[in-house]
1. Nearest 500 deg cm²/dmol is fine: what mean residue ellipticity at 222 nm does the chain get from its DSSP H runs of n ≥ 4 alone, each adding -39,500 (n - 2.57), divided by its residue count?
2. In nm, to one decimal, how far is the modelled label at LEU195 from the one at GLU33, with both set 7 Å along Cα→Cβ?
3. Evaluate the charge dipole of the chain about its Cα centre and quote only its size in Debye, nearest 20, assuming +1 on the Cβ of each Lys and Arg and -1 on the Cβ of each Asp and Glu.
4. Please check which bits of the range 183-205 a label hung off GLU171 would reach, taking the label as a point 7 Å along Cα-to-C-beta and the cut-off as backbone N under 14 Å.
5. Working with all protein chains in place, sort LEU103, LEU109 by solvent-accessible area computed with a 1.4 Å probe, largest first.
6. I need the helices of the chain that pass two filters: whole DSSP H segments spanning 30 Å or more by Cα along the axis, and mean Kyte-Doolittle score no lower than -1.0.
7. Pairwise over distinct Cα atoms, reciprocal of the mean inverse distance: report the Kirkwood radius of the range 72-134 in Å, one decimal place.
8. Over the chain, average the accessible area per residue using a 1.4 Å probe and give it in Å², no decimals.
Amino acid sequence: MPLLFSYDDIPLEANRLAPLVDQLVEKGWFVGEAFIEAELCHALYREVMALAEHDALADAGIGRGNQHNVRRDIRGDAIHWLDRESLPQRQYLDSMGLLQRELNHALYLGLFEFEAHFAQYPPGAFYKKHVDSFQGRANRVISTVLYLNPEWPEDGGGEMALFEPADPEREVARVVPRAGTFACFLSETVPHEVLPTRLPRASIAGWFRRNASLNGRIDPAR
Ligand code: OGA
Ligand code: MN
């Protein structure tokens, strides 16, 4: 009988998913080092660096539809939405597909799709404390971040700080943006911020959603 689905081509071991699910349930967030294979991270890193070099990254904004604005005093990254046009992108998106299946299976979340963009924060850039889901619009359910910089010095800045949902002043984790590290958390409840970076900082931010979207960019009706 032919296999309908094989894990062999996906650079994420299925047995790494159980602790992730447990911690999401327990704390609302998970951080794992060396979560995605180094080789894939490096290929994705080369891709985002090439996009930056070819001026193919767009200034990221905040808000939706006609509320969408570039506000460097809030958010200073430049982004490019993943489109499955390269093998590394497809491999990463397939890994997230595997994670989506696992989350739906274990937690009945009804996750429907995954959208993600490369992000590059130039030196000095940051993203002030926020939550990822627009209030009352519970469309982004789980947020993910994969970090891509092969090296990150101790004084590089650019960490992601996570805060306690019930006490948003209380920091519960600080994540160094080093290649392979993967973070995920509940989009509606976990406040987080990107501290000012000293070096160009590359990552993929992604969201599991409960409904369809146009990449979350243009949707003035909602
Ligand atoms: C985001 C975000 C965190 C990070 O893009 O919404 O919070 O560490 N990113 O890049
Ligand atoms: Mn965020």
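The values are calculated or read from the model by the stated rules, or taken from the named source; none is laboratory data. Computed from a predicted model, the values in this text were never measured in an experiment. Note that we place each Cβ from the backbone using ideal geometry, even for glycine, and neighbour counts take in every protein chain shown. Surface accessibility is based on the protein's heavy atoms, side chains included, excluding ligands, DNA and RNA. Shrake-Rupley method; radii C 1.70, N 1.55, O 1.52, S 1.80 Å.
1. On the way: 3 runs with 48 residues, N = 222.
It lands at -7000 deg cm²/dmol.
2. Taking the simple label geometry, LEU195 and GLU33 are separated by 1.6 nm.
3. Working: 23 positive and 32 negative charges, 159 e Å.
In total the dipole reaches around 760 debye.
4. Residues 192-197 fall inside that zone.
5. Numbers: LEU103 0, LEU109 35 Å².
Largest accessible area first, the list is LEU109, LEU103.
6. Values: long enough: none.
Qualifying helices, which must be both long enough and hydrophobic enough, do not occur.
7. Details: mean 1/r = 0.0716 Å⁻¹.
This gives a value of 14.0 Å.
8. For the chain, the per-residue accessible area is 51 Å².
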